[in-house]
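Data first, discussion second: the structure below is written as structure tokens.
The values are calculated or read from the model by the stated rules, or taken from the named source; none is laboratory data. All values derive from a computational prediction rather than experimental measurement. Cβ: placed from backbone, ideal geometry, glycine included. Neighbour counts: every protein chain shown. When the accessible area is computed, the model is the full protein with side chains, heavy atoms only, and any ligands, DNA or RNA have been set aside. Shrake-Rupley method; radii C 1.70, N 1.55, O 1.52, S 1.80 Å.
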Amino acid sequence: MLRVTTLNLNGIRSAAAKGLQDWVAAAAPDVLCVQELKAQAADVSGRFETLAGRRGYFHFAARKGYAGVGIYTALTPSDVVEGIGVPEFDDEGRWIELRFDTPARRFSIVSVYFPSGSSGEERQQAKFRFLDLIEPVLERLAHEREALVCGDVNIAHTEKDLKNWRSNQKNSGFLPEERAWVSRLLGNGCWVDVYRRLHPDAEGEGYTWWSQRGQAWAKNVGWRIDVHWATPALAAAARSASVYKAQRFSDHAPLTIEYDWAV
């Protein structure tokens, strides 16, 4: 089995101080995709280059304390790809892809962090630009190789994917344009929302993010915005999915899915 976890750290130093390394050692994912490192290479060097015996591969943001993605794994990739070739977003550290290519199969695992538009209209427009740019990247990836894209996409797709959907219809993360984008991506036959495939009717137990305001965590007023999107053959190999909530490392929770899949 291939066990893959995705987790937005909301700062790797903060998550580490809350016991992340011990949990990774116990949970033993083969691959851990992380987002929002909020660190640069100098911060990682000598401290977070490995995590529970897994080597890290990173795409850092140019701006200090901002964004950044990584993948920790004991598996050895044949190639590492940082960014999507668009400086506006590559400077923000939003995409890292590990390729595991053999004569028999071309396979990729991606950690991605979509922009949030919640801070204002300027960032919402940046988010829309990112969606326009990433769509053909994802379509091309799915046509060229088997792939798994994990990360924080900052969009709740359907009414089942957040608690207060009625009051959030005009808010970033649940805008009609954002939801339509996800519907189009998942509807073209290239990508499958793996958690939703395994749990088509799940609501509260699938949430992965809770606002730090009010009593959102205590009342489970959450959003499902952290995903595994897989090409169809890989999605069909998914056997189980779980969200870990017994311990908190950030305002997100780890989503782990096991696949009957060899790398």
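List of remarks:
- For the chain, CYS190 stand unpaired, since no other cysteine beta carbon lies under 4.7 Å from theirs.
- Dipole magnitude for the stretch 1-115: computed about the Cα centre from +1 point charges on Lys and Arg Cβ and -1 point charges on Asp and Glu Cβ, it is near 320 debye.
- Overall form of the stretch 1-140 per C-alpha gyration tensor (a/c, 1.5; a/b vs b/c): oblate
- Distance between modelled label sites at ASP260 and ALA246, nm, 7 Å Cα→Cβ extension: 2.7 nm
- Fully extended contour minus Cα-Cα distance, from ARG105 to ALA27, at 0.36 nm per residue: 25.3 nm
- Which of ALA147, TRP181, SER167, positive extreme of dipole for the stretch 143-185 (C-beta unit charges): SER167
- Gain on full stretching of the segment that runs from ARG13 to GLU203 - 0.36 nm per residue minus C-alpha separation: 65.3 nm
- Against the criterion of solvent-accessible heavy-atom surface with a 1.4 angstrom probe, GLU88, GLU177 sort, most first, into GLU177, GLU88.
- With 0.36 nm allotted per residue and the present C-alpha distance subtracted, the GLN169-GLU135 stretch has 10.0 nm of extension available.
- Test item: Cα-centred dipole of the stretch 182-225, Lys/Arg +1 and Asp/Glu -1 on Cβ, debye: 160 debye
- This model, with +1 at the C-beta of Lys and Arg and -1 at the C-beta of Asp and Glu, gives the chain a dipole about its Cα centre of some 640 debye.
- Local electrostatic count, PHE128, Cβ distance below 14 Å [Lys/Arg +1, Asp/Glu -1]: -2
- Highest-fluctuation residue, LYS160, LYS18, LYS170 considered, GNM on the chain with Cα pairs under 10 Å: LYS170
- DSSP bridge orientation in the stretch 1-84 - percent antiparallel, rounded to nearest 5: 70 percent
- Candidate values [x] 22.2; [y] 18.3; [z] 19.8 were compared with Kirkwood radius over Cα pairs in Å computed on the shown model; the agreeing label is [y].
- Cα lying deepest toward the dipole's positive end in the chain, options ILE84, HIS157, ALA62, charges on Cβ: HIS157
- Accessible surface of the chain, 1.4 Å probe, proportion on carbon and sulfur as whole %: 47 percent
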